[in-house]
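Every read-out reported here was derived from the displayed coordinates using simple, explicitly stated rules and does not represent laboratory data. Remember, it's a predicted structure, so these values are computed and weren't measured experimentally. Because the Cβ atoms are built from the backbone with ideal geometry, glycine has one as well, and the counts that use them run over all protein chains shown.
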Amino acid sequence: MIELPFSSHTSVTCGQLKHSWLENQVLNKTSDNIIDFWKAKGWNALEEQFEVHIKKAINLSEELEYGFSPAQLVDRLTPFEKVDCETKELIKQVVHKAYLESSNITELKVPLKKAAKELEKAFEHMLEAWNQPVSETNEKKLRKTWGIFLTMARKLHSILEQLPKGIVLP
């Protein structure tokens, strides 16, 4: 299999989740960082972006099989411009089938969705702790829930690392 440098919505989303969010906003934070943000009464990324990114990860699992498929190139490459719609659809079907048979992308769909859902649940628990008033007891709860959230974030990150970087040719 060959990964092409052609990007797709799916590969861009995958990169945003893996690099921009998980690596740059989550996995590089310690529990001490989180406690500092909590005591300072805010962390915009947590409050405004985390839920959105988790939803994107769940949606990514739904579009995974088609998002890296070379079938989408039929609509993008010049040699296919003059081909009639019916023939294009047949070509897409054959190419997509060959891609699915030669890749492990279908095997990653369920683990990706599961990891995203587990992260969503961990986020809900962590957010409950985050919204409590500052106290020693609540700080311990927040540290614990952040640790669980980090574990789930690492799990999602490891699955995202297994995904292609672009469209894949069988």
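Remarks
- Karplus 3J(HN,Hα) series, Hz, for the stretch 18-32 with 6.51 cos²θ - 1.76 cosθ + 1.60 (x for Gly, Pro): 5, 8, 5, 9, 4, 6, 9, 10, 10, 5, 8, 9, 9, 5, 5
- A P(r) calculated from all alpha carbon pairs of the stretch 69-170, with 10 Å bins opening at zero, reads 14, 27, 20, 17, 13, 8, 2 percent.
- When the alpha-carbon atoms of the chain are used, the pair Rg, Dmax equals 19.9, 69 angstrom.
- Cross-link reach is defined here as a Cα-Cα straight distance under 24 Å, omitting same-chain residues fewer than 8 places apart; for Lys55 the lysines meeting it are Lys18, Lys29, Lys109, Lys113, Lys114, Lys117, Lys121, Lys144, Lys155, Lys165.
- Mean-position separation - Cα centroids, the stretch 1-77 and the stretch 96-170, in angstrom: 10 Å
- Neighbour cut-off at most 16 other Cβ (10 Å), DSSP loop, trypsin sites (Lys or Arg not before Pro), the stretch 45-128: Arg76, Lys82
- The simple spin-label model puts a point 7 Å past each Cα toward its Cβ; for His9 and Ile91 those points are separated by 2.2 nm.
- Estimated dipole of the chain in Debye, rounded to 20 [Cβ of Lys and Arg +1, of Asp and Glu -1, Cα centre]: 420 debye
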